[in-house]
Amino acid sequence: MTGVELSELMAGPSSHAVLDLRERATYEGGHIFRVTNLPRRLLEFRLSQLVTAKRTPLVLCDADGRLAALALPAVRAMGFTDVRVLDGGLEAWRRERRGTITGINVPSKAFGEWTLHTLRTPQIPPHELQAWIDGGRDMVIVDSRTPEEYARGCIPGAWSMPGGELMLRIGELAKSPETTIVVHCGGRTRSYIGAESLRRMGLPNPIVALENGTMGWELAGLTLERGAGRRVAEVSEATRKRAAAAALLIAKEDGIDSIAPADLTALWARRAEENVALLDVRTREEYEEGHVPGAAWAPGGQAVQATDEYIAVRAARVVLVCDGSGRSIMTAAWLKRMGLRGATVLAGGLPAWKAAGGAVETGHADPEPWGFAAARAAVGTLDPVELSAAIGGAQAPLVLNVDQSDVYARGHVPGAAWLCRSRLEWKAPQALPDRARALVLTCRDGRHSTLAAATLARLGYASVRVLEGGTQAWERKGLALEAGKSRLLDETDDVVLKPYEKGREAMEAYLKWEVDLDPAALDAARSK
């Protein structure tokens, strides 16, 4: 497919998905606006969930077309019938002077800036907030990021309250209408979306967003609190009713549609013909206790912050589920404002689903990746004790880890080298020239390594096995892991470090990038 044809497809109203198969850091350096980053190594794990209708026009792109060509047979074997490749990849796209954009989750970040400019979200600079803290002002500070990000560093005294939870839980902290509510995140987007979510509730409280979040705080020379664990676990009935009432008003104002449990059952049954994104926006604990079968966990704040990671087909029916309607309605309202007109909510949430006789799944187990059973049958395995003995033997195998590089760095079988599975066919001949040498593939749980081992077997490697159960099984046997990136056979472009992990210059550059996102351009895109 040519660049002209891709531009026309993306500008039109028809259902389609465009997937950039490169690794995340390379994608961050420049990509086509509104494409979904799905590294090739994750196709078997996520593609069928992101694009449920097999007849959807699916466009694969990468740097120069080579990676897409490798992926094409597998995507077709998965049942997708209209699969295209961008001719010449991003190199040809740029030669035609077509635009690219840098960054991650750009549609959501640009929408945050649009929100700030359009709704005029009140902000407070870091030193002024520090003065409020020092002066004992009647206020509550909430961190709208994930609990993990919050624990790494928050504004002193802040409570963890991810953006999707603000509407439901803020009443447990801000009990007086005079209490000022300060919302912060790491940078800008979730601060503004969180503050505006609370303002939409009609609360009488003063509500402000911290300018530039924790990065702005550190750049101002102020100190973050590390390892905090404050959270609102329980919600009173009065607080819950107040949130539900506010959500109903928002649903009416924004025209948020709902779907009955029986209709959701029917919609999900025809997902192979119509793209459906079924997202549970509650907390991880709630999701694991029980969720609609097939629903992906997409906590509300992250569904808005990283929309392109959850929804690859903009014309899809998006059904949001919570424990009633409040959190799902607020999330749907933001998604509709982002141009996802198919966003709707499950009426009555999970309780209504169960009352209608709907089945419930528990836990958070990822579905088996496509092709896993065949790959498992094609390669042999050995258990951790056998591998430990083999490593110490005279003919020690080469252990190859195909986890994400940061997972490898946190802990791997001692002596294991690392290689990115996305580029295995390219890299193996140079990195592993002896095709007769015994190889043992590992990863965290044995799934990626099984798929990788099958690939190597197809490439002619004569002795390829998989560590049964992966490094998790290795640990359960009491065997030690080795940490660090000591044996890299490929570029670690699969991980994007947070700006605050890279230092002051990176934080300054990131915040400037976010500020410079053009709300007018987004507004034009939203109107198409």
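The values are calculated or read from the model by the stated rules, or taken from the named source; none is laboratory data. Quick caveat: nothing in here was measured; it's all calculated off a predicted structure. Cβ placement follows ideal geometry from the backbone for every residue including glycine, while neighbour counts extend to all protein chains displayed. Just so you know, the surface numbers come from the protein's heavy atoms only, side chains and all, with ligands and any DNA or RNA stripped out. Shrake-Rupley method; radii C 1.70, N 1.55, O 1.52, S 1.80 Å.
Ranked by the mean number of other Cβ atoms within 10 Å of their residues, highest first, the peptides 427-436, 453-462 come out as 453-462, 427-436. Helical content alone sets the calculated 222 nm signal of the chain at -12000 deg cm²/dmol, taking -39,500 (n - 2.57) per DSSP H segment of four or more residues and averaging over every residue. Classify region 334-483 from the C-alpha gyration tensor, please: rounded if a/c falls under 1.5, else prolate or oblate depending on whether a/b exceeds b/c. Judged from the Cα gyration tensor, region 334-483 comes out prolate (a/c at least 1.5, a/b above b/c).
Computed from the Cα positions only, the extents of the chain along the three principal axes stand at 73, 54, 49 Å, in decreasing order. For region 387-454, the gyration tensor built on C-alpha atoms gives an oblate shape. Its axis ratio a/c (a ≥ b ≥ c) is at least 1.5, and a/b is not larger than b/c. With all pairs of different C-alpha atoms in the average, the Kirkwood value for the hydrodynamic radius of region 138-194 is 11.2 Å.
The lysine pair count for the chain, using Cα distances under 23 Å and pairs eight or more places apart or on different chains, is 15. Treating r as the C-beta distance of residue 497 and residue 98 and R0 as 22 Å, the FRET efficiency rounds to 0.20.
Shown for region 38-118 is the translational diffusion coefficient from the Stokes-Einstein equation, using the Kirkwood radius over Cα pairs, a temperature of 4 °C and a viscosity of 1.567 mPa s: 89 µm²/s. Centroid-to-centroid, using Cα positions, region 106-131 and region 433-504 are 41 Å apart. Between residue 55 and residue 117, the simple spin-label model (points 7 angstrom out along Cα→Cβ) gives 4.1 nm. With the crude spin-label approximation of a point 7 Å out along Cα→Cβ, what separation in nm comes out for residue 506 versus residue 267? The two pseudo-label positions are separated by 4.0 nm. With all protein chains kept in place, the per residue accessible area of region 296-402 amounts to 38 square angstrom at a probe of 1.4 angstrom. When you restrict to C-alpha pairs under 8 Å that are six or more residues apart and normalise by the size of the chain, the relative contact order lands at 15 percent. Could you tell me whether region 250-356 comes out rounded, prolate or oblate from its Cα gyration tensor? Rule is a ≥ b ≥ c as square roots of the eigenvalues, rounded for a/c under 1.5, then prolate if a/b exceeds b/c, otherwise oblate. It is rounded, given that a/c, with a ≥ b ≥ c, falls under 1.5. According to the Cα-based calculation, Rg over Rh for region 426-495 is 0.98, with Rh computed by the Kirkwood formula.
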